[in-house]
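> Please find one structure pasted underneath; my questions will follow.
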Amino acid sequence: MVNTDSSSTQSAAGFTVVRDGRVLRVTITKPARKNAIDYDTLVALGDTFLAVAEDTAVRVIVLTGAGGDFSTGADLAAGAAEGARGITPDMVMDAANRLVRAIVDCPVPVVARLRGAVAGVGVGIALAADLVYAEADSYLLLAFINIGLMPDGGAAVL
């Protein structure tokens, strides 16, 4: 997913990658769903962060969400369609954990730029970054605890 051109833009399922010199800007682009992330987007984002290890020209990654929110986490509305494709909840969790691990292991600094809602696995994704910049309207929400579940995406550890 990472293009070696010094200035380029690429789009994938639910996000864009803009290469501006040595800065890679990754933006989750589902503002109508508050940047909720489906399975395909989780996998493609993970691939993007893993590919940075192969591109020595990238010196920093800025991760953010389009519109007013960073991410409300997993796209639960996409679950039925994903299930019809044979994608299980365990596969979604594995993809989310793979993405968080790819951010943590990224060989260059990752900056998470937060605004608005940061919920569910969005919290784990944000906290995996090396630096978190939160705008005044940002809030982090791990609603799992309200229903007796533990947070996903490594949020409890991060």
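> Please give the contour-minus-distance gain from residue 137 to residue 23: 0.36 nm per residue of separation, less the Cα-Cα distance, rounded to one decimal in nm.
Values: separation 114, 0.36 × 114 = 41.04 nm, distance 2.52 nm.
Residue separation times 0.36 nm, minus the Cα-Cα distance, leaves 38.5 nm.
> Would you please name the trypsin sites (Lys or Arg not before Pro) within the range 40-136 that are DSSP coil residues with at most 14 other C-beta atoms within 10 Å of their C-beta?
59, 85
> With the cut-off at 1.5 for a/c, could you classify the range 37-87 from its C-alpha gyration tensor as rounded, prolate or oblate?
oblate
> Applying 1/(1 + (r/R0)^6) with R0 = 35 Å to the Cβ-Cβ distance of residue 47 and residue 80, what FRET efficiency is obtained, to the nearest 0.05?
Working: r = 25 Å, r/R0 = 0.70.
Once rounded, the FRET efficiency stands at 0.90.
> So what's the net charge close to residue 25: Lys and Arg +1, Asp and Glu -1, counting the other residues with Cβ under 12 Å from its Cβ? Walk me through the numbers before you get to the answer.
Details: positive: 19, 22, 113; negative: 20.
Neighbourhood net charge equals +2.
> Let me ask something else. Taking H as built 1.01 Å from N, whose amide H comes closer than 5 Å to the amide H of residue 15, not counting residues under 5 places away?
29
Values quoted throughout were computed directly from the atomic coordinates according to the rules given, and no laboratory measurement underlies them. Model, not experiment: these values are computed from the prediction. Neighbour counts run over all protein chains shown; Cβ positions are idealised from the backbone, glycine included.
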